[in-house]
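Only the coordinates and a few stated rules stand behind these numbers; no lab work does. Fair warning: this is a prediction, and the values are worked out from it, not measured in the lab. Glycine also receives a Cβ, built like all others from the backbone with ideal geometry; neighbour counts cover every protein chain displayed.
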Amino acid sequence: MSKLVKIDVKTSLGNFVLELDGEKAPITVDNFVEYVRSGHFDGTIVHRVIPGFVIQGGGHDASMNQKKTRSPIKNESSNGLKNLRGTISMARTSDPDSATSQFFINLQSNESLNPAPGNAGYAVFGKVTDGMDVIDGIAKVKTGRSGHHGDVPVEPVLVETMKISE
């Protein structure tokens, strides 16, 4: 696989393009590409929208059921890539090495998500290269609660397809 991988993302609110950095984040990019190839993301939703912070997806279907994932991967947050506006990073639990399929796109530069002493940080593995206006549009949707989840779009924002751009 080439060092840079382009992913075309089609959502119910428009399309955007991701460029993944397989040189700086090889484990994370390989993991994400496997999820794309398997169709894991197709039919998932953006399940978390926090204006001025992030939009998050990759783990739930339209009914907010969590999708089955593969094993967690090693956190590559110390790869030199920063959580800047328009970058894509892996979501995880408090365990630094717990990322599976969930990702988030930074709506602004989020310095607090970068690694620092005592903070493992969140692994950036690419960026939005086209369609940031779509991301900003998603960030404006009305949100509410769904079960124990907050910041969930009231009208589902569907990830229709994710495909590797040839």
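Subtracting the Cα-Cα distance of residue 71 and residue 4 from their residue separation scaled by 0.36 nm leaves 21.8 nm.
Legend: Rg and Dmax of the stretch 1-82, from Cα coordinates, 13.5, 37 Å. Lysine pair count for the stretch 37-166 (Cα-Cα distance under 22 Å; residues 8 or more apart in sequence or on different chains): 7. Normalised by 2.2 N^0.38 Å, where N counts its residues, the alpha-carbon radius of gyration of the stretch 4-164 equals 0.94. Cross-link partners of residue 3 among aspartates and glutamates, defined as those whose alpha carbon lies under 17 angstrom from its own and excluding same-chain residues fewer than eight positions apart: 19, 21, 23, 30, 34, 76, 166.
Averaging over all projection directions, the Cα-based convex hull of the stretch 78-135 occupies 4.1 nm² in the image plane. In percent, rounded to a whole number, the relative contact order of the chain is 34, using alpha-carbon pairs under 8 Å and six or more apart. Loop-resident GluC sites (Glu not before Pro) (DSSP state other than H, G, I, E or B) in the stretch 1-86 with no more than 14 further Cβ atoms inside 10 Å of their Cβ: 23.
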